[in-house]
Amino acid sequence: MLAYGLLFLSAIGENLLPPIPGDTVTLIGAYFVGRGHLNYWGVLISTTLGSVAGFMTLFLISYWLGWGFFEKRSIRWLKKSRLEKADRWLQKYGYTLILANRFLSGVRSVISISAGLAKLNILKVALLSTLSSLLWNAAIIYAGAFIGKSWEEILKYINAYNKFVLSGLAMLAAGYLVYHLFFKKKKTGNNIRR
C-alpha cells in the first residue's frame, strides 16, 4: 500500500513542482510490476489519479485566480511567454491539447494553468486529462513491466550491441591509422619530389 501511495504523491508532485521526475518514478513502479512485486492495476490507478489530481489542482487554481495573479508574480518555471505560447496552442488545438498533455513532457503544468486561465469547461478538462493520463501511464507501465520481466534478456542485447559498436569503432580507428601512416605519407612524399 505504501508503494502505491508514494506513486500517487509523486504523480501529483510532478505537476505541482515540475522538477520532480514523476514519469521516472512511474517507470520504477512499472519495473516492480514486471518483477512481480507490485500489481499492474494498482500502479496504473495510483499514478493516473495522482496525475489528474495534480493537473486539476493547477487548472482550478488558475481558473479562479485569473491572468492578473500570474502577471504580477515572477515564477521561475512559469514565465509569461510560456503561458502565452500555451494559450496560442489552446486557441489553435482546443481540447485536443488537453487530451495530448501527458504526451508533452515539460509543458504539462503550463498547459493545465493555461487551460484554467482560458476558463475551459471543468468537466471536459477533467475527463480529457484523465484519459490522457490513463493512456500515457498504461503505456509507460506496460513498457516498464516488460523491462522488469525481461531485464536479463535486455542486458544480453545491450552487451551484444556494445560489443558490436566497440568492434566497429576499433575497426574505424585501425583503418584511420593505416590510412594516416601509409597513404598520407605516400602523398606527402610525392608532393616533396615535385
Descending packing, highest mean Cβ count within 10 Å first, for 58-68, 93-103 is 93-103, 58-68
If the chain between residue 167 and residue 103 were fully extended at 0.36 nm per residue, the gain over the current Cα-Cα distance would be 19.3 nm
Note: residue 130 to residue 61 extended length (0.36 nm per residue) minus current alpha-carbon separation gives 23.0 nm
To the nearest 20 debye, segment 2-149 has a Cα-centred charge dipole, built from +1 on Lys and Arg Cβ and -1 on Asp and Glu Cβ, of 380
Heads up, segment 2-149 by the C-alpha gyration tensor (a ≥ b ≥ c square roots of eigenvalues; a/c under 1.5 rounded, else a/b over b/c prolate, else oblate) looks prolate
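Every number here is computed from the coordinates shown, using simple stated rules; none is lab data. In this text, all values refer to a predicted model and were calculated from it rather than measured experimentally. Glycine gets a Cβ as well: all are built from the backbone with ideal geometry, and neighbour counts include every protein chain shown.
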